[in-house]
Structures are given as C-alpha cells and as structure tokens.
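FYI, it's all coordinate maths here, none of it is from the lab. Bear in mind that the values here come from a model prediction, so they are computed numbers and not experimental data. Virtual Cβ from ideal backbone geometry, glycine too; neighbours counted across all protein chains shown.
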Amino acid sequence: AQSVTQLDSQVPVFEEAPVELRCNYSSSVSVYLFWYVQYPNQGLQLLLKYLSGSTLVKGINGFEAEFNKSQTSFHLRKPSVHISDTAEYFCAVSGRSSASKIIFGSGTRLSIRP
Amino acid sequence: DGGITQSPKYLFRKEGQNVTLSCEQNLNHDAMYWYRQDPGQGLRLIYYSQIVNDFQKGDIAEGYSVSREKKESFPLTVTSAQKNPTAFYLCASSIPGTPYGYTFGSGTRLTVV
C-alpha cells in the first residue's frame, strides 16, 4: 500500500518570491507521483507527474518537482509565484498495477501576498 | 473536447431527502470515482467502479449509493442516511494501470437546508 504526507497545510508567500511545497511518500513498490492544483470551487487539474527517468519534472504554469528516491520525496517548486497561483495543491501517489488507485495527500493551501 | 461533466454545480437538499449527483464522461475511461471534500480534510473516496455493472465501497460509503449501468455514467445518490451531507463532491475517471492520472469534473456543492 502507498501513503503520502504533505508536510505543510498552509504556505503563505509574497508575490514574485520562490516557493516549495513539500511531499513525502511511502511505498514498498515502484510508484507514479503526481501534483494536482485546485482553484476555488473547481475540480483538480494535473500540474505534473513523475513516471520514470529524469528526476526533475516540469509542469504547467512554471512549476517543477524533483523526485528523490532516497528521501522518498517529491517536492513542488516555483521560482517566482504570481497572485494567480493562489490555490490548493495536492500531492498524490499510485502503484503501477491496474488495480492501483491514486492516494491523495491532505493538500497544501498556497496563499500569495501582494 | 473530451472531459467529465458534473451537474448540477450547486444543489440544495432538505433534511430527509435523497438527492442524485450526475457524473458523465466522454473520455472512454473504464474507471470512475466519487470523492467528498470537506474544508481541511482533503479528498475522501466514497465509491469507485473499474468496469460497468461493478463498483466498490471506498473509505466513507455509508449513506451513499451508486450505479454503473453505462461506461459513461456514474451517478451518486446521497441518501437520508447520510447524517452530514453538506460538502463538495468530485467525480473523476481514469484508465486503470496507466500513468495518466485521474481526470476530474468541476464538482457539485451540496448544501442541506
């Protein structure tokens, strides 16, 4: 079975500052890793995903994440945030079998201050 | 364009009533899911279905029911047995065993009045 922990429930940051949202996972098998974004009163949208290969994954809206197998982490980063990045961000993990479901973290609310 | 449609976007229910939330997808995905979202609690899985005419309970199935008569449709009924139904409900779909992740609908906000 897999599990995922998002270490911060809320992250306040000033506009144009860099941000890192932390995510750790646990699994006894190889996994896929995802980051989703949810804007207010909307569904979740896929930001990026790690399948295999290069440990640095680039996504939409200037976000990127780095897979670290030894630390079982998949932190999300953006070098300069904008007001429009205000949203909730979910880290997620799934096994690679057809029976696997995606397990979501509890979410990190990113608030951008002008 | 393919996607998932949830309707209605807002729904009000009187206590003691059953209500049905609609979820339709035209992505040709085999699997569909229902999640409940409450403030500060992330996503909690209610029911999921990986094939037509088959579905399984998730973590919080009590007070809910589903059907999967067609591949495209996975309606969720919130019954009067659900004691605290006010929440944001999200439907999702996927192709099991692939690395594409889930595609989500835009959600239905249910309020008990």
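Gyration tensor analysis over the Cα atoms of chain B returns equivalent ellipsoid semi-axes of 23, 14, 13 Å (largest first, whole Å). Rounded to the nearest 20 debye, the dipole size of the range A:3-113 about its Cα centre is 360 debye, using +1 on the Cβ of Lys and Arg and -1 on the Cβ of Asp and Glu.
According to the Cα gyration tensor, what semi-axes, each the square root of 5 times an eigenvalue, does the equivalent ellipsoid of the protein assembly as shown have, listed from largest to smallest in whole Å?
They are 30, 21, 15 Å, listed largest first.
Backbone phi angles across the range A:28-44, fed through the Karplus curve with coefficients 6.51, -1.76 and 1.60 (θ = phi - 60°), yield HN-Hα couplings of 8, 10, 5, 10, 9, 10, 9, 10, 10, 10, 10, 7, x, 6, 10, x, 8 Hz in residue order; Gly and Pro are listed as x. Among A:Arg22, B:Arg68, A:Arg113, sorting on how many other beta-carbon atoms sit within 10 Å of each Cβ, with the fewest leading, yields A:Arg113, A:Arg22, B:Arg68.
Here's how it looks for A:Lys101: its modeled amide H is under 5 Å from those of A:Gly95, which are all 5 or more places away or on a different chain.
Under 5 Å between amide hydrogens, built in the peptide plane, is the criterion, and for B:Leu21 it picks out B:Leu76, B:Thr77, B:Val78 among residues at least 5 positions away or on other chains. Full extension of the chain segment joining B:Ser106 with B:Ala61 gains 14.1 nm, where the gain is 0.36 nm per residue of separation less the Cα-Cα distance.
On average over all directions, what projected area in square nanometres does the range A:3-113 have, based on the convex hull of its Cα atoms?
If I average the Cα hull's projected area over directions, I get 6.8 nm².
Give the value in nm², to one decimal: projected area of the alpha carbon convex hull of the range B:31-73, averaged over all directions. Value for the range B:31-73: 3.1 nm². Taken about its Cα centre, chain B carries a charge dipole of about 320 debye when Lys and Arg each add +1 at the Cβ and Asp and Glu each add -1 at the Cβ. Applied to the range B:67-77, the Karplus parametrisation 6.51 cos²θ - 1.76 cosθ + 1.60 on θ = phi - 60° returns per-residue 3J(HN,Hα) values of 9, 9, 8, 10, 4, 7, 10, 8, x, 10, 9 Hz, with x for Gly and Pro. Close amide H contacts of A:Val81 (hydrogens built in the peptide plane, cut-off under 5 Å, sequence separation of 5 or more or a different chain): A:Glu16, A:Ala17.
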